[in-house]
1. Would you check which residues across the range 264-277 are surrounded by 24 or more Cβ atoms within 10 Å (Cβ to Cβ) and touching a Ser or Thr at 6+ places or on another chain (Cβ under 6 Å) and list them?
2. Collect the residues in the range 122-159 that are among the charged types (D, E, K, R) and within 16 Å of the ligand (Cβ to nearest atom), keeping them in residue-number order.
3. Give the residues of the range 202-233 that are more than 20 Å from the chain's Cα centre (by Cα), under 23 Å from Thr270 (Cβ atoms) and modelled with pLDDT of 95 or more, sorted by residue number.
4. Residue pairs, Cβ under 7 Å, 6 or more apart or interchain, first in the range 110-130 and within 17 Å of Asp308 (Cβ to Cβ), second of a type in the set (S, T, N, Q) and within 16 Å of the ligand (Cβ to nearest atom). List them.
5. Please verify whether Val34 is of a type in the set (Val, Ile, Thr) and closer than 19 Å to Val138 by Cα, treating the condition exactly as stated.
6. Kindly indicate whether Arg224 is touching a residue at least 12 places away in the same chain (Cβ under 8 Å), in a loop (DSSP other than H, G, I, E, B) and basic (Lys, Arg).
7. Could you check the range 213-231 and list, in sequence order, the residues that are away from the ligand (no atom under 16 Å from the Cβ) and open to solvent by 20 Å² or more (accessible area, probe 1.4 Å)?
8. Six or more apart or on different chains, Cβ atoms under 6 Å: show the pairs whose first residue is in the range 59-88 and over 16 Å from Leu259 (Cβ atoms) and of a type in the set (S, T, N, Q) and whose second is open to solvent by 10 Å² or more (accessible area, probe 1.4 Å) and more than 16 Å from the ligand (Cβ to nearest atom).
Amino acid sequence: MTTNPTAAFEKTPGWLDWYAGPSRPRFRPPEGAVDAHCHVFGPGEEFPYAPERKYTPCDASKDQLFALRDHLGFTRNVVVQATCHGADNSAMVDALRASGGRARGVATVRPGVSAAELRDLHEAGVRGVRFNFVKRLVDAAPRQDLRDVVERIRPLGWHVVVYFEAGDLAELREFLLSIPVPLVIDHMGRPDVGKDPDGPEFEAFLDFMRARDDIWCKVSCPERLSVSGPAALDGERRAYRDVVPFARRVVEEFPDRVLWGTDWPHPNLTDHMPDDGLLVDFVPHIAPTPALQQALLVDNPVRLYWPDADLTAPDRP
Ligand SMILES: O=C(O)/C=C(\CC(=O)C(=O)O)C(=O)O
């Protein structure tokens with residue numbers, strides 16, 4: 001795999017490009033595994049980055065994503081719209097359409113989005129919208145706008161993917177619990193893993209998950225959360241040890257509501273760029289049994305994103 005230059009756009013200074021030589025994981029994902037959190041970026045010349053973006057990434061195309069999927073031993077992707085593309089979902093939708101049914105998507109839409117636009121997105125494979133509350137990534141959206149979006153997506157059976165940081169949960173909690181469709185929380189609500197996994201902050205997150213049985217959690221992004229490492233580099237297979245107790249708590253308490261994803265191409269990392277093969281080797285540390293791995297990587301994401309597909313058919317997507 002090679003990294004394309006971002007010809008028409010200048011990358012954010014200090015940008016770390018995704019790692020183009022990932023190792024082959026030692027951990028073999030179960031048959032039909034889903035990378036349930038990844039992105040496509042551009043290519044900027046074909047799918048320009050949004051004027052309101054807070055960062056300009058390195059291009060990361062659908063073909064590069066699909067090559068990584070195959071290399072890591074995964075079968076499917078959930079492609080999540082990232083803020084650098086704003087509410088222009090065309091790069092993501094292009095990836096879904098090219099995937100032969102092996103990718104579903106999570107879009108960003110504006111209030112007032114029409115039923116016809118949503119139907120087109122659904123037909124392409126979109127099954128949710130993302131609400132991003134991370135202040136360095138987006139300007140805050142009025143709650144009423146978000147409620148408007150929820151009312152429009154509700155008839156389609158979609159869910160809302162929510163990205164926030166641990167410190168903002170108390171303020172968001174009641175609003176999120178009032179959203180009348182399933183919620184999927186990115187990266188465990190970004191805990192401060194320097195704190196106690198059994199302490200009040202992470203307990204508040206688990207308590208939020210207990211409040212409804214349709215709140216899902218991505219036990220993803222150890223490379224973003226870890227303070228102590230060691231990083232998934234240079235053959236390190238016991239990477240990100242400080243994140244493990246947090247993710248295990250979630251996996252063990254909510255085995256049927258957890259998802260996992262690479263977060264390729266890992267936007268906005270400033271410290272290091274992980275080897276995605278070694279990142280896959282993180283999975284058995286957080287989901288130690290075959291039954292937990294099957295739920296995390298196959299059964300749960302299929303239930304959420306491919307509920308009607310016959311994945312046993314010979315040409316299954
Ligand atoms: O890839 C992620 O999930 C995390 C991101 C980027 C992002 O979410 C976005 O741009 O929409 C981050 O923390 O910078």
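The values are calculated or read from the model by the stated rules, or taken from the named source; none is laboratory data. Just so we're clear, the structure is a prediction, and the values are computed from it rather than from any experiment. Here the Cβ positions follow ideal geometry from the backbone for every residue, glycine too, while neighbour counts run over all protein chains shown. The area values use the complete protein model at the heavy-atom level, side chains included, leaving out ligands, DNA and RNA. Shrake-Rupley method; radii C 1.70, N 1.55, O 1.52, S 1.80 Å.
1. Hit for the range 264-277 is Asp276, nothing else.
2. Passing the criteria: Arg130, Lys135, Arg136, Asp139.
3. Within the range 202-233, Val227, Pro230, Leu233 meet the criteria.
4. Leu121/Asn89
5. So Val34 does not fit the description; no.
6. In short, no.
7. Asp213, Asp214, Ser228, Pro230, Ala231
8. Matching pairs, first to second residue: Ser61/Pro43; Gln64/Met1.
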